[in-house]
Each structure stands twice: as structure tokens, then as C-alpha cells.
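Each remark here refers to the structure printed beneath this line.
Read-outs: derived from the displayed coordinates by stated rules, not from any lab. Please read all numbers here as calculations on a predicted model, not as lab measurements. Methodologically, a virtual Cβ is constructed for each residue, glycine included, from the backbone with ideal geometry; neighbour enumeration extends over all protein chains shown.
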Amino acid sequence: MAKVTVDGREVVVPDNGNVLEACRIAGVDVPHFCYHPRLSIVGQCRMCMVEIEGMPKIQASCTVPVRDGMVVSASSEKALAARNATMEFLLINHPLDCPICDQAGECKLQDNAFAAGLPVSRTSEPRRQYPGYDRTGIGPHVIADMTRCIQCTRCIRFCAEIAGTGELTFIERGGHTIVWTHEGKVLDNEWSACTADVCPVGALTTKDFRFRKRVWWLDKARSVCTGCEIGCNISIEHRDRQVFRFLPRPNPDVNDYWMCDYGRFRAEELNAQDFTRPVVKDGGSTKETNWGDALERIQKAVDEAIKAKGAASILVIGSANLSTEENYLLNSLFRTRLGVPNVEFVVDNGALRRIKNPKAEGNQEGWLKGLESAPNSRGAVAAGVTRALSDSALEKLSSGKFTPAVLYVADAAFAKKASDPAFVQAARKAGFVAVHARTKNALTEVADVVLPVASLSGKEGTFVNSQRRIQAFSIAIVPPPVVRTDMEVLLHLGKRWGVFDTRWTAGDVFELLKKEIPLYADAERESRAVAGYPAVISPASAYDSIFSPEEAEAKLIAAAAEGRNG
Amino acid sequence: MSGGANVPVDSLPGQPPVGEHGALSCGKDVKFSEEALAEFEKLLTRYPTKQAALLPSLWIAQREFGWISREAVDYVAGLLSLSPAFVWGVVTFYTMYNRAPVGKHLIQFCTSISCHLNGAEEVYHECRKKLGGLKPGETTPDGKFTVIEVECLAQCDKAPAVMVNGDDHAVITKDNLDKFLESLK
Ligand code: SF4
Ligand code: SF4
Ligand code: FES
Ligand code: FES
């Protein structure tokens, strides 16, 4: 441990910390561009200049390891002058057209110019330009505009050190330097859009989001990616009832600062809402109806089936896409209250997803790996829903050996199977088919009742990821009128048999989970362990906002105690 | 305002435009000769990491292939287990790796201060004119001469100084230019 004094305030920093971190712990925000806690330190941008007693020259604080007894002046006149100068040099060749730059509002150059720059520009010369390398696609997801690059190398280091693919490099040198790929190659790896996150300026932006919405209009909600079982923490960024993008919400225990492109670009899929009212089949024709009628039909079909053929004639399909709360309600209603033995789910194995996080629990060779293409198989199991095995009712249904009197599917897209024609045909043989659905698929075509439900952006609850971490997600957008969340549907349905109270919130159900499911026993819904970290203001400054100075200090100390490089 | 050629975003998923920064293709696969490979292997023993051997490896490549093509970059990257992008970054950082084919004689005129004061600029222009109006960096059709301008050759006492491939030539003036060129043929 080293005692360091920053602007008169003494702080304790682990020996492997650097002066920039010491300043942060002391509550002094030293502006910086190239420093990123997960990338190698290069001292490239010269923005983080501070004065250190005993060192005649001004120092780039990110490159200086702390020493016991160090005295740092982060806000001295000399330090401020140095930072002003760096800022001025950076701006000599910067377009200064923030109003037409998509990064404006979450740009570190803009922020640092405000915080540490001169209020005026002393240059009026034309800015450097790179015809052919501005506003050009550099990969399937990323647009590069080299006129805006400040040569911090964060993107290059991301590709080389985190992705391990090394697509990017500096080409040429001096005032001609650009970041680009080798000829004939594109920036295409599983996490390529993270380069746009780490880029402090508008030099790298994502094709999907670029110029779609000014970032200061976006509202943020803490959520969890449903693309695979890793469950990267995300922020759903939305406006006017429309989801615009996902950003990774930093969480050092799960996704660190990253998320994969596959998960990220599923964002706008949340905006699809084919069903806005319950739909029922009457004879041969389908019609829209109200909730009362739709639930009435389900209740009738279930009661009749139990009376005529017993509860075992009913098959209920839960889903690894539903929250633990929802699976729990499904199981309580059908298995516990109505005695249905077949409450099952299946989950697909998708492409292998990987997130680099050497420090996370459960990593394999430095990676968290996700095979299941749904977020919550563990939660479903914990909630009592059975994973369908070869002799399960669900498999018997698929192979035509079991024809349920009632088939209740709580997620029309529970797995690939749901749109497999053979399965749909078998399912249709059931006496009565009810599904929860947001978008149309083969199963909703044949269902007797389709209950319109909200997407992830309209729901709250918890998932249990591959590390068995309980992770909460919250509501971004209130679902459109009439559409309900899966939880509301189940509460209203359950009320018909007198089991649930329709006023319950996800929080109330969470309390039930705590009582009934051992995995949830000690979980606190609002705790950091479950709720994760707040969404950050800008992805490039994720590091700035993830920890309060006190937390940063605690983290660093814990890291030092374990002998890790914080 | 950023300006310049605006390559449409929809040009993807194609490739980045081939521009002045792009590595040119030589149109064929390249490979070190036996001797060069042996030299390369020996080289590796002298450095702590493979990456550290990049500059001398590129020199071998330049000697073997004449210039550093896209294929040469890929080849060297493969030899050293580096990403081709990294190798290309290094090639473009240094000016003495040729990024296009050069003539048999690469004539490098120093135009830094001492040579400049002694009329290097004029000799440089005159030389290009004599070789059929070559543009800087261009090669004569017979593949013999390429003329470029370089910074100080550390021959300031013999200004205007010229370097041809690796050899120094002292005091090349307008008067002895013809004789100089003749000596190269
Ligand atoms: S493109 Fe962005 S991240 Fe990459 S070097 Fe330039 S400013 Fe830094
Ligand atoms: S790794 Fe999985 S959870 Fe993470 S962003 Fe990708 S799909 Fe989503
Ligand atoms: S030099 Fe320290 S942050 Fe860039
Ligand atoms: S200035 Fe020409 S050799 Fe030094």
C-alpha cells in the first residue's frame, strides 16, 4: 500500500496502482483519453498530465506507478497549462463540428474540451482531411471517420488484447496517421462494436445506431442481454417508446466492459409487436377479443380437461426466455395449484458466445462462455419447471406419442422447435392451444388463444446466468395499452383459481422466490450483486462512472490483497 | 467540416477503399528462398520475442521480393505469428520499406538543409526530367530507375548527396549528373 497525497488529500492506493487511479480515488477527475483499465497502458494521448513532487517534468499520470509518500498536484497551474496545451494540439486537427457528429453528447473530447480546454480556438487553418477514410464502413458494424480520430489506440488495443484478432493498426505516421485495417481485411470480430464503445470520439461509431438519435434524448434502463446464458449486463437506450440500442453496462463480475455484437444488435428486435390484443379462434375464423374473454376460454378448457381426463392430460411449456418470477408463477399455478405434472421447458444450444473476463468466476481460459441461446434455463429449473428430457411429455408430444387435452405455451418462441412444422402439427392436435406471444410464428398461427405480451423492454424480473448469478432487469418502456407482461398474464390467470393477487409486482414475487427457492434465499433485489452497476453516461467513459471513488478504492484494495493487478 | 470523397456507407460488406494507405498486391503468393529462410531462422535466435525480429525480417522480405506487397505482409506476419495489420502498420511507419515496385536503381536525393543549399532541389528535378519526366517515386518504363527525395543522408560534407540503393554518391551536381546516370547503366 502506498500513501499518496493528491491536491492535499491523502489516500491509500495499492502499490500496483497508478497516479491516475490515485487521483480518482482522491476525487480528482484527471481528464484522459487513452487510459482504459482493461487495456495496456500506453501513455499515448498526454491528456492526463499532473505535477508530481520531485519530478522536474510534468508527468502523464496513467504511466506513473504510485510510490509511498508521493505528492501529486493534479490541479496546479502547470498541470492545467499542460492539459490545455494537449487539448489545443488535439483540436488543431479536429473538425470541431460537434453539431453534425454523432458522438456529440457522449464524446470525451467534447467533455474534456469543456473541462480542460481553452474557451477559444487560436487556429483557423483548414483541418486535416482523409478523403476515402472518412465516414466509411470499416467492418459490418462499424463506421470509421478518420478526420475525428485522436490517435488514442484504444480501438487497436481492444482488437489486439481483448478480442485477440488484431484487425486494426496505425497506418502511416505523424500527421498522416490513421487507424485502419490491413488491405483487404475488415474489422469483423465477435465484439467489433466494442471498438466504437471504447473510442472516445466520433471516429468509430456503429452503423446501426449512427444518426438515429441524439444521445442526450435517450433514456436508459438497466437490463440483461437475453442472447445467451452469460447474461451480459446492458442498458436499454430508448426514447418515445422505441428501443434504439443496447450498450454494455459494466460489471466486473460478468461482462466487464464488453458485450458481443450478436447480443448488441438484437436491440431493435424488441420493437416488434405483432400482437396488441388477445386473439382467439372461433370455429374457423380468428378474431381479436378482450382479456376477460381470452382468459375465460383458457380457464374453461383447463377445468374441462382436468375433469374429463385428469391434470396429466395438460402440458404446460415454460421458457428459458422468461424470468424466474414468471416461470415460478407458471409452475405455482399449474403444478402446485392445479396438479399438472407436465410443466416443462427446453432450451436450444446456439452458437458459442464468449466474453473476455479473466477475473470473473466460472471463466474458462479467461473467457465466459455461453452456449445456450436463452438467458434463464437455471432460473426456470430453480422455479420448478422441468428441463424436458427424452422421456418427457414435451418430447412425447413432438414424437406424436402424447396428445394433450390442453397445451399452454408461456412463450411462443421458447425454442427453435416452436417454429418447426412437425412440432406445430403435433401441437395442433391438442384439444386446446394457448400461447403467450409478441411476434407471429407458426405456433401462433394454430393457437386457439394468443395472449399479447411485452418484450424484454417492458418487463422486470430476474434471470440466473451461467455463473448462477441472479441478475435483475428493469422496465424500459411501459408496454402499449392492452398488451401485458407475461407476469401480469399469469397473475390474472392465476386469480381465476384464486392463487395470485393481480396487484403483485416483480418485487413481491421476488420475495416469494426468496422464501421458496434456496438459490434466491439470500438475494437482495436492490443490491449491487443482483441489480448490477448503473448504466453509464457514455460508453467511452465507462470507467469514470462505474465506481464511485470510495468503491474504486475498495476494489483496488481488494485486488491488491488478492495479488491481482487491479 | 470534414469533407473529401464520401465513400457511401452502404459499400459494405465490401472492403475498405484502396487508397494511398492501402497495401498493393503483387498478384501472386510469395515465399522466402531457402537461404533467406535460413537467415530468418538464425535471426530469430537473436531476439527475445518473434515480434522483435519484425524489422530485420521485413528487410529480408524487401531484399527477396524487391518491395513489400500485401502478400509479403501476410507472409511475414505468418512467419512471426503477428497480425497482418500490425506488420502493415510497421511497414507504413518507416519510409525505407518500399510499398511499390522500384527500379533497379533507387536514386534517393537528399534535399535536407546542406544539400538544399547546394542546389539539391534543382538536381533532383533535372534528374527526373532527364529520365523522361518521372514523377517522384515513379519508375522508368524499362524498370531501371526510380527517383525519390529523402531526408539527410549524413553526407552533409559531400552535399548534394545521393544514395543509390545502399551506396553513397557524393557531390552530384547538375554538371556531373549525366556522368552519374551513365555510371549507373
Ligand atoms: S479511432 Fe477512436 S479509439 Fe481508435 S485511435 Fe482513433 S480516437 Fe482512439
Ligand atoms: S455474450 Fe451472450 S449475453 Fe453477452 S452480449 Fe453476447 S449474446 Fe448477450
Ligand atoms: S497519456 Fe494518460 S490517459 Fe492518455
Ligand atoms: S543534408 Fe543532405 S546529407 Fe545531410
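Out of all DSSP beta bridges in chain A, what portion is antiparallel? Express it as a percent rounded to 5.
Values: 48 of 69 bridges.
Antiparallel bridges make up about 70 percent of those DSSP assigns within chain A.
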*Just tell me how shielded A:169-181 is by partners: mean number of partner chain Cβ atoms within 10 Å of each residue's Cβ, no decimals.*
5
*Which is the longest stretch in chain A that no exposed loop site breaks, taking sites as chymotrypsin sites (Phe, Trp or Tyr not before Pro) with a DSSP loop state and at most 16 other Cβ atoms within 10 Å?*
A:212-496
*Considering chain B, which cysteines have no disulfide-compatible partner, defined as another cysteine with its Cβ under 4.7 Å away?*
B:C26, B:C127, B:C152, B:C156
*Pop the C-beta distance of A:I537 and A:F211 into the FRET formula with R0 = 22 Å and round what comes out to the nearest 0.05.*
0.65
_Starting from a Cα-only point model with no solvent, please compute log10 I(q)/I(0) by Debye for chain A at q = 0.05, 0.06, 0.11 1/Å._
-0.26, -0.37, -0.99
*So, in Å, what gap is there between the alpha-carbon centers of the stretch A:403-440 and the stretch A:342-363?*
25 Å
*asked:* Among B:S81, B:S25, B:S57, which one shows the highest mean-square fluctuation when chain B is modelled as a Gaussian network with alpha-carbon springs under 10 Å?
replied: B:S81
*Among A:I41, A:V71, A:P56, pick out the residue whose Cα is farthest towards the positive end of the charge dipole of the stretch A:2-92, where Lys and Arg carry +1 and Asp and Glu carry -1 on C-beta, about the Cα centre.*
A:I41
*Which FRET efficiency value, to the nearest 0.05, do you get for B:R46 and B:S183 by plugging their Cβ-Cβ distance into 1/(1 + (r/R0)^6) with R0 = 25 Å?*
0.10
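Within chain B, what's the longest run with no GluC sites (Glu not before Pro) in a DSSP loop and at most 13 other beta-carbon atoms within 10 Å? Give the range, please.
Values: sites that count: B:E20, B:E151.
Result, exposed sites excluded: B:21-150.
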*May I ask you to evaluate 6.51 cos²θ - 1.76 cosθ + 1.60, the Karplus curve with θ = phi - 60°, for each residue of the stretch B:163-177 and list the ³J(HN,Hα) values in order in whole Hz, giving x for glycine and proline?*
10, 10, 6, x, 9, 7, 10, 9, 6, 9, 10, 4, 5, 9, 4
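What does the average come to when, for each residue of peptide A:118-131, you count the partner chain Cβ atoms lying within 10 Å of its Cβ?
What the average comes to for A:118-131 is 2.
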*Residues A:S223, A:S538, A:S235, sorted so that the one with the fewest Cβ neighbours within 10 Å comes first*: A:S538, A:S235, A:S223
*Averaged across the residues of A:496-505, what count of C-beta atoms belonging to other chains lies within 10 Å of each residue's C-beta?*
0
_A:E88 versus A:K57: modelled label distance in nm, points set 7 Å from Cα along the beta carbon direction_ = 2.0 nm
*Lys, Arg +1 and Asp, Glu -1 on Cβ, resulting dipole of the stretch A:2-92 about Cα centre, debye, nearest 20*: 200 debye
_Proximal lysines relative to B:K104, as straight alpha-carbon distance under 30 Å, when same-chain residues fewer than 8 apart are discounted_ = B:K28, B:K31, B:K42, B:K129, B:K130, B:K135, B:K144, B:K158, B:K174, B:K179, B:K185
*Using Cα pairs under 8 angstrom and six or more residues apart, how large is the relative contact order of chain A, in percent?*
13 percent
*How high is the relative contact order of the stretch A:232-319, in percent, with contacts defined as C-alpha pairs under 8 Å that are six or more residues apart?*
16 percent
*Based on Cβ point charges of +1 for Lys and Arg and -1 for Asp and Glu, what charge dipole magnitude is obtained for the protein assembly as shown about its Cα centre, in debye rounded to the nearest 20?*
1460 debye
*To the nearest 20 debye, what is the magnitude of the charge dipole of the stretch B:145-185 about its Cα centre, counting +1 on the Cβ of each Lys and Arg and -1 on the Cβ of each Asp and Glu?*
120 debye
*What value does chain B have for Rg/Rh, both radii from Cα atoms and Rh as Kirkwood defines it?*
1.03
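Just to be sure I follow the definition: excluding the sites themselves, where is the longest run in chain A that has none of the GluC sites (Glu not before Pro) in a DSSP loop with at most 11 other Cβ atoms within 10 Å?
With GluC sites (Glu not before Pro) excluded where exposed in loops, chain A gives A:54-360 as its longest stretch.
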*Could you point to the residue in A:H94, A:G227, A:A531 farthest towards the positive end of chain A's charge dipole, with +1 and -1 charges on the Cβ of Lys/Arg and Asp/Glu respectively?*
A:G227
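Of the beta bridges DSSP finds with both residues in chain B, what % are antiparallel, to the nearest 5?
Working: 7 of 13 bridges.
Bridges in chain B are about 55 percent antiparallel.
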